[in-house]
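The values are calculated or read from the model by the stated rules, or taken from the named source; none is laboratory data. Because the structure is a prediction, the values reported are computed rather than measured. Please note: Cβ atoms are built from the backbone with ideal geometry, for glycine as well, and neighbour counts cover all protein chains shown. In case anyone asks, the SASA skips ligands and DNA or RNA and just uses the protein heavy atoms, side chains included. Shrake-Rupley method; radii C 1.70, N 1.55, O 1.52, S 1.80 Å.
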Amino acid sequence: MCAALWAGSAEAQAPPPAPACTAIRDSAERIRCYEEDARFDFAAVVLRELECDAPPRAAELIRLLIRRNAASALAFHMAEGINYFALPRPERLGGITAVAVFAHDESGRFPFLRARGRSPGPVFGIVTRDGLDAVDAWRFRHSPALHFEKSLSTMEGAKDIGCFSLARPESQPQARPDAGPAAASPVPKPAQAEDLFEAGLGPKQRQAR
């Protein structure tokens, strides 16, 4: 009986569990929490970062996903300075399925492929092959402010959804397939990579299957 009382007293004095990493408001602290957390929930991490309440910390996010074997270490495509990384398996994100992620920043914390011209600024997002109705419904529930367009990657029938800290003047909202040819937006041509970092994690451009 004494042992039971002692156990109950110990439980009462135990500190409350630490809040989930996703509850941390500061993005740098939140990513450090992800790094130290023994658990890793791809959907929870990516959905939190797609709330876009601050410029995305793209380099740290890509490094995190690579270290957790949640994304390829090699970029399979680069367009407009944005690097695309395949996922080892499709990931469900509360209503849609991600098949790749894309990212870029100029922090130097990850050796992204570089492009000529203006930097797109900090960028992080997902690539999905789901239909427009599913994507529209997901964005309405999650964050209608997310940037959305036909994917600039080599994945056919895919769409990019993400956080862009800077407006991209050359990008315009994509028309729905039934809106007619006059409403369609041109797809920018991929830029050429240059000034690549020399590093162990350095991604190399290759075609996705």
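Annotations
- Those residues of the stretch 92-110 which are within 18 Å of PHE40 (Cβ to Cβ) and open to solvent by 30 Å² or more (accessible area, probe 1.4 Å), in sequence order: ARG92, GLY94
- Residue selected from the stretch 143-153 under the condition surrounded by fewer than 16 Cβ atoms within 10 Å (Cβ to Cβ) and touching a residue at least 40 places away in the same chain (Cβ under 8 Å), by the criterion nearest to ARG92 (Cα to Cα): SER143
- If you go through the stretch 99-142 and pick out every residue that is part of a strand (DSSP E or B) and farther than 21 Å from PRO55 by Cα, you end up with 2.
- SER72 vs. criteria open to solvent by 10 Å² or more (accessible area, probe 1.4 Å), of a type in the set (Ser, Thr, Tyr) and within 20 Å of ARG48 (Cα to Cα): no
- Restricting attention to the stretch 47-63, the residues that are more than 11 Å from the chain's Cα centre (by Cα) and among the hydrophobic types (A, V, I, L, M, F, W, C) total 1.
- Restricting attention to the stretch 111-142, the residues being out of contact with any Gly (no Cβ under 9 Å at 6 or more places or on another chain), open to solvent by 20 Å² or more (accessible area, probe 1.4 Å) and not basic (Lys, Arg) number 6.
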